[in-house]
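Worksheet for the structure shown next.
The values are calculated or read from the model by the stated rules, or taken from the named source; none is laboratory data. What you see is a predicted model, and the numbers here were worked out from it, not measured in a lab. Counting neighbours? That spans all protein chains shown, and the Cβs are built from the backbone with ideal geometry, glycine included. Surface areas here come from the heavy atoms of the whole protein model, side chains and all, with no ligands, DNA or RNA. Shrake-Rupley method; radii C 1.70, N 1.55, O 1.52, S 1.80 Å.
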Amino acid sequence: MARTVAGRLEKPAAPSQQHQAHLGSNVVEYGGARLIVVIGVMLATLLQTLDTTIVNVALPTIQGNLGATIDEGAWVVTGYIISAVIVIPLTPWLQLRFGRRNYYATAIFGFTIASMLCGFSGSIEELIFWRIVQGLFGGGLIATGQATLRDTFPRSQLGASQALFSLGAIVGPSVGPYIGGVLTDNYSWNWVFFINLLPGIAAGTIVLMRLRNPTEPQRVPVDAIGLALLAIGVGSLQYVLGQGERNEWFDSDVIKLFSFTAVAGIAAFIYWELRGTPNPIVDLRVLRQRSVWAGSLLAFAIGASLFGSIVILPQYTQGVLGFTATLSGELIFLRAICIAAATIPIAGLVSRGKVDARVSLGIGFLLVSFSNYLQSLVTTSVSDFWTFFWPTILGGFGLGMLFVPISIA
């Protein structure tokens, strides 16, 4: 049966093995049961998205307290990202192999315990190690949460389910720096990790007790070669992106080596997944669907704008303009308010067909682009909070118009 995607009819591609296992399952919830599942998923989503940004504000303090250099401190972020991006594409296979409920609960509890151990770290090396472990558990939280909300709501309420997910995924990174600033300025850097304890326990308990599996665990063959190539290729690429600027890019022999390894590893991974194995650990054939590859490219652009600015802006305002951690966090929190204000009405309008998804995407990208342009004009001679006010407002409303149409597609 044809379906409408971004205002156009598109024929569905043949389902993959993992998708076939999902077909026919019905885990839709209603009333109080649905509310409990939504609370658990939202807590888990906020848990992961908060943590990915809350550390950025506290990083200068962490470096000072642990006697770490800037390069060593950067690995607190880079180590987490490398491990997380390796796990993200493995999430569908992990859910199928161990069952969604078991995998989701394990990931939440593992993430929470690793976060607590990060807070107890007494050296930069110990902190980096536990951040890597934390990334291994946290990498699949977003994708699993999105799939869970999609399946918990009936098909007619897809827009509502993705609006809830978008609020957790967007507001978390925006609120994180503010919370991190308050905790760092008034308490200590350790609390940016300890704050995950209660929501983590609550989310994991809800998932373990109330979530239903769309399919029971299956003994799916392990694509060990694909997994190894993915880890080598993506891990090397993340190292180049994270450390390239600090090492003068291709003037460094190490960066050259990792760049070559990244290209070779990713190319070999793509070939192996498409031609070398009947049971790919990442089903790249799904990219045959126009809505998937187009949505993936647009989501990449959104992520670059959202997470790029959230990482860079606190470093710039605190390190160069002299903002406190709290003031820097308040600036990003302002954007979170605008994101929420735009996401809720857009979700209803797009899901009911009142607004074409392409129109919402076009306006949203224009607002985000203009916001980024205005921020690019800021110079070091400007240190006023209000200089960032309108770029923040425009960027927030623009991002709020983007996430729901992308998630639905």
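Loop-located chymotrypsin sites (Phe, Trp or Tyr not before Pro) in the range 174-282 (DSSP state other than H, G, I, E, B) with a sparse environment of at most 14 neighbouring Cβ atoms within 10 Å: Tyr187.
In terms of packing, defined here as the mean over residues of other Cβ atoms within 10 angstrom, the peptides 45-52, 356-363, 97-104 line up highest first as 45-52, 97-104, 356-363.
In a reduced charge model with +1 at each Lys and Arg Cβ and -1 at each Asp and Glu Cβ, the chain shows a dipole moment near 1820 debye about its Cα centre.
Per-atom-type breakdown for the chain gives carbon and sulfur 67% of the accessible area (1.4 Å probe, protein chains only). Calculated mean residue ellipticity, 222 nm, the chain: -24500 deg cm²/dmol, from DSSP H runs (n ≥ 4) at -39500 (n - 2.57) each, averaged per residue and rounded to 500. Model label points for Ile39 and Asp185, set 7 angstrom from Cα along the Cα-to-Cβ axis, are 3.2 nm apart. Which one, Thr78, Thr379, Thr148, has the greatest fluctuation when you compute a Gaussian network model over the chain with C-alpha springs under 10 angstrom? Of Thr78, Thr379, Thr148, the Gaussian network model singles out Thr379 as fluctuating most. At q = 0.11, 0.12, 0.16 Å⁻¹, what is the base-10 log of I(q)/I(0) for the range 92-176 according to the Debye formula with one equal point scatterer per Cα and no solvent? Please give it to two decimals. With one equal scatterer per Cα and no solvent, log10 I(q)/I(0) is -0.39, -0.45, -0.74.
Rg/Rh for the range 148-247 (Cα atoms only, Rh after Kirkwood) is 1.07.
Probing with 1.4 Å while keeping every protein chain in the model, the per residue accessible area of the chain equals 46 Å². Does the range 201-252 come out rounded, prolate or oblate by the C-alpha gyration tensor, with a ≥ b ≥ c the root eigenvalues, rounded set by a/c under 1.5 and, if not, prolate when a/b is larger than b/c and oblate if not? In terms of gyration-tensor shape, oblate.
One Cα centroid belongs to the range 251-314, the other to the range 163-230; the line between them spans 22 Å. Peptides 388-395, 68-75 ranked from most to least packed, by the mean per-residue count of other Cβ atoms within 10 Å: 388-395, 68-75. Under 20 °C and 1.002 mPa s, how fast does the range 31-124 diffuse according to Stokes-Einstein, given a Kirkwood radius computed over C-alpha pairs? Answer in µm²/s, whole number. Answer, rounded: 140 µm²/s. Kirkwood analysis of the range 219-358, using all unique Cα-Cα pairs, places the hydrodynamic radius at 19.0 Å. Taking all Cα pairs closer than 8 Å and separated by 6 or more residues, the relative contact order of the range 26-172 comes to 39 percent. Among the helices of the chain, those built from whole DSSP H runs whose Cα atoms reach 30 Å or more along their own axis and whose mean Kyte-Doolittle hydropathy is at least -1.0 are 31-66, 158-186, 290-319, 325-351. Take every pair of alpha-carbon atoms less than 8 Å apart whose residues are at least six positions apart; their mean separation over the length of the chain yields a relative contact order of 23 percent. Of the whole protein surface, Met209 contributes about 140 Å² of accessible area at a 1.4 Å probe radius. Evaluated at q = 0.07 Å⁻¹, a Debye calculation over the C-alpha positions of the chain (equal weights, vacuum) places log10 I(q)/I(0) at -0.33. Efficiency by 1/(1 + (r/R0)^6): what FRET value for Leu198 and Arg246, r their Cβ-Cβ distance, R0 = 25 Å, to the nearest 0.05? Once the sixth-power term is evaluated, E becomes 0.10.
Projecting the Cα atoms of Pro154, Tyr80, Ser407 onto the charge dipole of the chain (Cβ charges, centred on the Cα centre) puts Pro154 farthest toward the positive pole. Determine which residues of the range 60-101 fall in the zone a paramagnetic label at Ile270 would reach in this model, i.e. backbone nitrogen under 20 Å from the point 7 Å along Cα→Cβ. Under 20 Å, as judged by backbone N against the label point of Ile270, lie 85-90 of the range 60-101.
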